[in-house]
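Structure record follows, encoded as structure tokens.
The values are calculated or read from the model by the stated rules, or taken from the named source; none is laboratory data. Since this is a predicted model, take the numbers as computed values, not measurements. Virtual Cβ from ideal backbone geometry, glycine too; neighbours counted across all protein chains shown. Remember, those area values only see protein heavy atoms, side chains included, never the ligands or the DNA or RNA. Shrake-Rupley method; radii C 1.70, N 1.55, O 1.52, S 1.80 Å.
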There are 2 protein chains.
Amino acid sequence: MKMSADLEANFAKAKDSVFQVAKKGAQVVCLSELFGSLYFCQKEDKKYFELAESIPGPSTKVLSQWAKELKIVIIASLYEKSEKKFYNTAVVLNTDGGLLGKYRKTHIPDDLEHYYGEKFYFSPGDLGTPVFKTPFGTIGVMVCWDQWYPEGARMLAQAGAQVIFYPTAIGFQVKGPEAINKAEQEAWQIIQRSHAIANNVFVAAVNRVGVEDHLNFWGTSFVADPLGRILKQASIDKEENLVVDCDLNLIEEVRKDWPFLSCRRSDLYGKS
Amino acid sequence: MKMSADLEANFAKAKDSVFQVAKKGAQVVCLSELFGSLYFCQKEDKKYFELAESIPGPSTKVLSQWAKELKIVIIASLYEKSEKKFYNTAVVLNTDGGLLGKYRKTHIPDDLEHYYGEKFYFSPGDLGTPVFKTPFGTIGVMVCWDQWYPEGARMLAQAGAQVIFYPTAIGFQVKGPEAINKAEQEAWQIIQRSHAIANNVFVAAVNRVGVEDHLNFWGTSFVADPLGRILKQASIDKEENLVVDCDLNLIEEVRKDWPFLSCRRSDLYGKS
């Protein structure tokens, strides 16, 4: 999805997409990180705090209606305002429209130099790494920078997640060296495929496209299977909605050959 | 390296290779897993226990002479017999010929169906994950199946490892489905590149080649840099010695942009 400064238009576009993929059979739909607005963390400006809202709140009310009407699960990334703090939060709406739960982004980039100045806007998540039991399988959600941490995926898989979703907003530096841009994008895909491999789960990375100020969001949303194979991958610069069939039985099949989880040496890993 | 049933020939070939790469400037040389013999773990046969030896012992004595003569560090995988148990052990010989230390393989595959029946031959490692300070940098060693575990690489990087070596013996199932063989080899490279990325270290995977009974070892030894880029990669079926220049300054450079280690949320990860 490509976002604009028009908040209502973003929501309308998201609705169109959600209804389209639901018609194609999608059961769990994940929108990209902070889909309701441009990626405002490229600079520090207090005015953007006004984008934050309570959860449940106006956005979850709308999303909940979509989920209920379509009888699907929706994962959406919102800017959350709690009583005292602000968070980069992902919500999970269930098929009955109920709020199944939420996850607050754990690892917050503090990198204004590269236009990811999120510490100004978000407190680090304090809800741990919950998994959500949906009618279509047990899912986990991590948000963007979390994707670089094998610890997060491991915790979700150990808690039973079968699919891990990564709503994301990541792009090329518009003025960055091409070689580094290329390496970063490749690394982004490799690290997430590695979570699928290490844990034998499905991984779905959902990124935005379009140039916004200093960042050219690199899209290439993809779904990897429990062997790390890419099942489908979206365009690098065009809007595209992927509908991907994930046979959850494959998880158990792969784990018979690759019992990585059951052969962990937790006695050695210690607390670190 | 391709191994044969002739133990002396394997050692002689290893010596030739070590001396050749040292002449080309190699400072730290890593041999592949259990380079002294065929990969005997494809079946369970007590006769192979006779290959085990003490450490220090006959092999380290020879390797130590090479290291001292060439003033290099040598990493070698040996079948270790301790007083009570047997281990799949990697030794590190220093430039003065001294035994800098050893690491005992932590994760032991118990998969005779796919011809990796190692639990019959090796006890799980009990030495933790030491790092070794050499004149050429701080290194860590994991052995083969350890490579699937992000925990191992993470512990080594946190302890200061700049390069992580993975002596390995892994191959295609000779009678395996081609699609699965291909996926497994790709996953093998991705998971190890992901360790380089997640920890911003160099990773060197050192595998054997050649068909031995049910396994066709897939070679493709490679070195990845702290961005996960492959610097060099060896042949899939021919013997080849890679000499790869690793600029250790790159580690610090990359960590300025990608401070993954310093932004870990160890408060959340818990003991698992």
Legend entry - 14 Å cut-off, amide nitrogen to a point 7 angstrom out along B:S262 Cα→Cβ, residues in segment A:89-108: none
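Using the Cα gyration tensor of chain B, with a ≥ b ≥ c the square roots of its eigenvalues, what is the shape: rounded (a/c below 1.5), prolate (a/b larger than b/c) or oblate (neither)? The partial results should precede the final answer.
Working: a/c = 1.37, a/b = 1.19, b/c = 1.15.
Rounded is the answer for chain B, as its axis ratio a/c remains below 1.5.
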Inset, instruction - Give me the distance between the Cα centres of segment A:2-73 and segment A:159-176, rounded to whole Å. - result: 16 Å
Inset, instruction - For segment A:7-262, calculate the relative contact order in percent as a whole number, restricting contacts to Cα pairs under 8 Å that are 6 or more residues apart. - result: 15 percent
Inset, instruction - Extending each Cα 7 Å along its Cβ direction at A:D126 and B:I180, get the distance between those two points in nm, one decimal. - result: 4.8 nm
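What percent do you get for the relative contact order of segment B:71-216 when only Cα pairs under 8 Å and 6+ apart count? Intermediate results must be reported in sequence, preceding the final value.
Details: 274 pairs, mean separation 25.5, N = 146.
This gives 17 percent for segment B:71-216.
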Inset, instruction - Could you work out which residue, out of B:K119, B:K68, B:K24, moves most in a Gaussian network model of chain B, that is, has the largest mean-square fluctuation with Cα springs under 10 Å? - result: B:K24
Inset, instruction - Taking a label point 7 Å out from Cα toward Cβ, give me the nm distances from B:G101 to the same spot in the other copies, shortest first, one decimal. - result: 3.9
Inset, instruction - Using the 7 Å Cα-to-Cβ label point, sort the distances from A:E8 to its equivalents in the other copies shortest first and give them in nm to one decimal. - result: 8.9
Inset, instruction - Could you tell me what % of all Cα pairs in the protein assembly as shown have separations over 44 Å? - result: 21 percent
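Within 10 Å, at most 15 other Cβ atoms, and a DSSP state outside H, G, I, E, B define an exposed site. Report the longest part of chain B free of exposed GluC sites (Glu not before Pro).
Working: sites that count: B:E44, B:E83, B:E239.
The segment B:84-238 is the longest one with no such site.
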Legend entry - Other-copy label distances relative to A:K133, 7 angstrom Cα-Cβ extension, nm: 5.2
Inset, instruction - Compute the distance in nm between two label points, each set 7 Å from the Cα along the Cα-to-Cβ direction, one at A:V211 and one at B:V62. - result: 6.2 nm
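Multiplying the sequence separation of B:K119 and B:L99 by 0.36 nm and subtracting their Cα-Cα distance, what value in nm do you get?
On the way: separation 20, 0.36 × 20 = 7.20 nm, distance 2.65 nm.
Between B:K119 and B:L99, full extension yields 4.6 nm more.
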Inset, instruction - Select from segment B:240-264 all residues whose loss of accessible area on going from the chain by itself to the full protein assembly reaches 20 Å² or more (probe 1.4 Å). - result: B:D257, B:W258, B:F260, B:C263, B:R264
Legend entry - segment B:187-257: trypsin sites (Lys or Arg not before Pro) in DSSP loop, at most 14 other beta carbons within 10 Å: B:K238
Inset, instruction - Mind listing, in residue-number order, the residues in segment A:138-160 that have at least 10 Å² less accessible area with every protein chain present than in their own chain alone (1.4 Å probe)? - result: A:W145, A:W148, A:Y149, A:P150, A:E151, A:R154, A:M155, A:Q158
